[in-house]
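Below is one structure, written out as structure tokens; the observations come after it.
The values are calculated or read from the model by the stated rules, or taken from the named source; none is laboratory data. Fair warning: this is a prediction, and the values are worked out from it, not measured in the lab. Heads up, the Cβs are rebuilt from the backbone with ideal geometry, glycines too, and the neighbour counts pull from every protein chain shown.
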Amino acid sequence: MVHPATDHEEAAPPSGTRRRRFLTYVAAAPMLTIAGKFVLEGEAAAAAPVAGQLPLPPVSGLMDFGDVMEIASAPTMELMKLEFTGDNKVRFELPRLEVGQGLNTAVVMMLAEELGARTQDVVVELSDARPELMFNQFTAASSSVRTFWKPLRQMAATARSRLLTAAAKKWSVSANGLVTQGTGVVGPGGRKATFAELAKDAAKVTVPSVPATPKKPSEFKVLGKGLNRADANAIVTGKAHYVSDMKIPNSVVAVVVRPPTLDGEVESFDDSAIRNAPGFKGTVELSTGVAVCAEYTWQAMELAKKLEVSWKQGPIAGMSSSDIQEKLAGMTGSLDDAVSDGDGDEIDESFDFAFVSHAPMEVNYAIADVRGSSAEIWVPAQSPQVAQKDIAAAIGVLDVKVHVTRAGGSFGRHLFHEAAIEAAEVSKAIGKPVKLMWTRNDDTRHGRMRPASHHRVKASFRSGKVRSWAHKMASVSTDFNHGMGDLITSTAVQSGLAKLPAAQLYFNLTQSVPYEFGSTTISLNDLPLEGVHTGSWRSVHSATFRTAEDLVVDQIAEKAGSDPANFRLENAKTDRAKDVLRKVMKDGKWGRPMPKGHAQGISMHEEFKSVAACLVEINATDPKNPRVTKAVMVVDAGLPLNPKGIEAQMMGGLTDAISTVLQAGIHIDDGAVREGSYADFKWARQRNTPPELQIHVMPATTDEPGGVGELGVPVSAGAIACAYARATGTKPRSFPVNY
Amino acid sequence: MPKYSFTVNGKDVEVDVPAEMPLLWVLRDELRITGPKYGCGVGVCRACTCLQDDEEVQTCMVKAEDADGTEITTIEGLADGDELHPVQQAWLDRDVAQCGFCQPGQIMTAVALLNDKGDDVTDADIDKIENVCRCGTYGRIRQAIKQAAQNM
């Protein structure tokens, strides 16, 4: 990322490496051999029957979205580069967004491991939008570590072999006796040379004299051991800088006055009351409202309150959440298309899930400096190339540079970049650099949401064995217009899946039923709803999908007279799933006696080539004010790279689940979002989270890392919903339960 | 406009701003001290938490005129040179942060709590903390506060 010139240079972000760098050699480009393997899996996926929106057997076990990302990113991995700088740092520009998920730290570890560099010498910065990278600049679906796993290590191994070769020549010794360690090469007799000293010669090596083979997991010294966040010190001292902390000289701050109903449009506005106010810098009409510009943030916020605007009503004025849930409930089909079992027992249950705001701590912010035929933008973007295109189209300027800034949280929110588009429009209109902010109320009321959904699960069973399982999900359409549709369709086109719209594709590439439940079908039916701003929300369909299924699994177990945990264990498809279940049952003391109003709940979820189990205990003696008092989570992330990062992701997923299952949801009243801040969008606080929490990361079970960024949400959501049901003796069917 | 004088992290400052301007924006926009964050502007999320005369305040709810003559400490002024405050050190030891945006406020709240409770701090005290962490790092915050309590 390139930081804007600040007016307080001493507090500038740690871009010092850029200034200090005086010798840079591109020492390696990755060699890629990964495409072939997945073509085969794609062909396997293609064999699955796919047609329209009919219920499908899950295909995500054959090919999942992470595979798609890996295939889509592979062709441009050769454009990645490692740079060795004069101050003996190794610098890598990462074409992804760091949102707090710890990706930067995992990348530092991969590179340090393979290079023999100290982790503190590996500097990972976020790459500007680079259209030449094609699909390889898209942060989503817990896929980033998986996608970079092979190419990054291969790139670093290639660099290492060249550095060793250069050192061998320098010392006239055999390269076989040399090793890299401590960001240098060490040779016989304690000879040492830093990477910086060797970089120039290493760059000239064409045929390395040692093989460029990435290390085996058994040789790992860095990976597999917990490493703290690379930017932890900057965060705890207040030096971590976000786009909201940046300032361009002579810039103005813009706040947009937004409509009372979703997507309402400006009819007219009158700024005469504020034109002469101190700090006023102009108003600009946008498709989304009226931007009020001022010298300082607080002035802009205050002036915005005084602007008089008449509005046209938005497209869903008059419609409320309950109307939407009713429409969704009508979209989960008849009973006829699920297999019925005349001899056995049947269950048919329906569930409602409310809209949920992404609500990252840092509200939408972007900086734009549009000058004549070029524009420069700073924004935390998960899909910066799409941001670049969207901004260019909005302002009619082709030369748009997008700098990607770290994000103060995202959870899917920064797949969209509305603030950057608005900032560019305002900057163009008033001829000054603009820092545009959404207030918290704007963010909650006009931002993106996980769409409301309705789930129907129908199962037939006999003698304690499930014979058929049909899960139908109806959802307000998730907006996938952030580049992912193109990515999947271009990659999955061979698989036959590409005939489906993006949301259906994504659903089919991610959802699966992890139990042996006989004839299994899953389907998604989308309800397009103009005016409602949706987007992928951490784990997308999985959290609601898993919650609905877990509640039905518990009901079937009860009817069969089985213990819910043992029932899961007996029916789990894979050994990895059985192992995490066994471990969580043991560590969480499954089945221990609980007081009245308290209960345990359990869930297991497989996705992203990882699998997790969660056991929670809840105190619901006051059903309106339940508390998860204890949680035990066990995660098998394949080959775990940074156990600390994995634990953090699981803890975050648990908090998401506590919030969205028990207490935090969004209402729409007559076409407008009711909630405004965390006061009424009741995100979990310290008092809502368990004082007792154990997270166990399983030792390696495969030779590749699985995804973990979203895994913790569905598995915790299922466990919490089941615990609440058991503690209260109710059948919760609408979420959040207190809403 | 009126002028107000106060100290920030031990330095005397004078600002010329409207009386009602929230201290948060005085710090961020006028003084370019950006550790305290805007998260809601209504005293709910507490990402803007700082110390005023050693008491925890939400700077988005403190008017500039009410800062006059007081001592303000932000996250930037917590460490003693390169030596981190025990709460900051505990935050590092427990690898608390994720996106990091709420953490300046979380840390300042923890400092105020521990100044008050010392090593008698209990889970019930920690439960009273209202600061929002959207990444959900609450479990590590709890552990870090307990650790810091032993080192203050």
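Kindly establish whether A:Pro690 is within 9 Å of another protein chain (Cβ to nearest Cβ), surrounded by fewer than 24 Cβ atoms within 10 Å (Cβ to Cβ) and in a loop (DSSP other than H, G, I, E, B). Criteria met by A:Pro690.
Let's see how each residue does on (1) free of Cβ contacts under 8 Å to residues at least 40 places away in the same chain; (2) at positive phi; (3) more than 14 Å from chain B (Cβ to nearest Cβ); (4) surrounded by 21 or more Cβ atoms within 10 Å (Cβ to Cβ):
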{"position": "A:Glu265", "(1), (2), (3), (4)": "no, no, yes, no"}
{"position": "A:Asp323", "(1), (2), (3), (4)": "yes, no, yes, no"}
{"position": "A:Gly344", "(1), (2), (3), (4)": "no, no, yes, no"}
{"position": "A:Ala359", "(1), (2), (3), (4)": "no, yes, no, yes"}
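Taking the numbered list (1) under 30 Å from B:Lys3 (Cβ atoms); (2) touching a residue at least 60 places away in the same chain (Cβ under 8 Å) in turn, B:Leu78 passes all entries but (2). Of the residues making up region B:12-57, just one is out of contact with any strand residue (DSSP E or B) (no Cβ under 8 Å at 6 or more places or on another chain) and more than 14 Å from chain A (Cβ to nearest Cβ), namely B:Glu55.
Scanning region A:652-680 for residues that are surrounded by fewer than 24 Cβ atoms within 10 Å (Cβ to Cβ) and more than 7 Å from every other protein chain (Cβ to nearest Cβ) yields a count of 12.
So that you can scan it fast, the table gives a plain yes or no per residue for (1) crowded, with 19+ Cβ neighbours inside 10 Å; (2) in contact (Cβ under 8 Å) with a residue 40 or more places away in the chain; (3) out of contact with any Leu (no Cβ under 6 Å at 6 or more places or on another chain); (4) over 30 Å from B:Leu24 (Cβ atoms):
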position: A:Ala254; (1), (2), (3), (4): yes, yes, no, no
position: A:Ser268; (1), (2), (3), (4): no, yes, yes, yes
position: A:Gly282; (1), (2), (3), (4): no, yes, yes, no
position: A:Ser287; (1), (2), (3), (4): no, no, yes, yes
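Among the numbered conditions (1) more than 12 Å from every other protein chain (Cβ to nearest Cβ); (2) over 13 Å from the mean Cα position of the chain (by Cα); (3) surrounded by fewer than 22 Cβ atoms within 10 Å (Cβ to Cβ), the only one that B:Ala67 does not meet is (3). Looking at the structure I just gave you, is B:Gly105 within 13 Å of another protein chain (Cβ to nearest Cβ) and touching a residue at least 24 places away in the same chain (Cβ under 8 Å)? Taking the combined requirement at face value, the residue satisfies it.
Is it true that some residue in region A:148-155 is among the basic types (Lys, Arg) and more than 22 Å from A:Leu711 (Cβ to Cβ)? For region A:148-155, residues among the basic types (Lys, Arg) and more than 22 Å from A:Leu711 (Cβ to Cβ): present.
Applying the set (1) crowded, with 22+ Cβ neighbours inside 10 Å; (2) modelled with pLDDT under 90; (3) of a type outside the set (S, T, N, Q) to A:Glu132 leaves exactly one unmet item: (1).
One residue stands out among those in region B:129-152 that are more than 7 Å from chain A (Cβ to nearest Cβ) and surrounded by fewer than 19 Cβ atoms within 10 Å (Cβ to Cβ): the one that is nearest to B:Ile72 (Cα to Cα), which is B:Met152. Residues in region B:108-123 that are among the charged types (D, E, K, R), within 11 Å of chain A (Cβ to nearest Cβ) and in contact (Cβ under 8 Å) with a residue 24 or more places away in the chain: none. Restricting attention to region A:390-411, does a residue exist that is touching a helix residue (DSSP H, G or I) at 6+ places or on another chain (Cβ under 6 Å), away from chain B (no Cβ under 14 Å) and small (Gly, Ala, Ser)? Within region A:390-411, one or more residues are touching a helix residue (DSSP H, G or I) at 6+ places or on another chain (Cβ under 6 Å), away from chain B (no Cβ under 14 Å) and small (Gly, Ala, Ser). Candidates in region A:271-306 are the residues that are more than 37 Å from the chain's Cα centre (by Cα), part of a loop (DSSP other than H, G, I, E, B) and more than 12 Å from chain B (Cβ to nearest Cβ); of these, the one that is farthest from A:Pro260 (Cα to Cα) is A:Asn276.
Being away from chain B (no Cβ under 13 Å), at pLDDT 95 or above and under 36 Å from the mean Cα position of the chain (by Cα) is a description that applies to A:Arg258. The strands (runs of 3 or more DSSP E) located wholly in region A:137-248 that include 1 or more residues which are touching a Lys or Arg at 6+ places or on another chain (Cβ under 6 Å) and touching a residue at least 60 places away in the same chain (Cβ under 8 Å) occupy A:179-181, A:184-186. Here region B:75-94 is the region considered, the condition is being within 9 Å of chain A (Cβ to nearest Cβ) and among the acidic types (Asp, Glu), and the residue that is surrounded by the most Cβ atoms within 10 Å (Cβ to Cβ) is B:Glu76. Among the residues of region A:509-544, those identified as more than 18 Å from the chain's Cα centre (by Cα) and within 19 Å of A:Val708 (Cα to Cα) are A:Ser512, A:Val513, A:Pro514.
Conditions (1) closer than 16 Å to A:Lys150 by Cα; (2) surrounded by fewer than 22 Cβ atoms within 10 Å (Cβ to Cβ); (3) at pLDDT below 95, marked per residue:
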site: A:Met63; (1), (2), (3): no, no, yes
site: A:Asp67; (1), (2), (3): yes, no, yes
site: A:Glu78; (1), (2), (3): yes, yes, yes
site: A:Glu93; (1), (2), (3): no, yes, yes
site: A:Val99; (1), (2), (3): no, no, yes
site: A:Met109; (1), (2), (3): yes, no, no
site: A:Glu113; (1), (2), (3): yes, no, no
site: A:Gln120; (1), (2), (3): no, yes, no
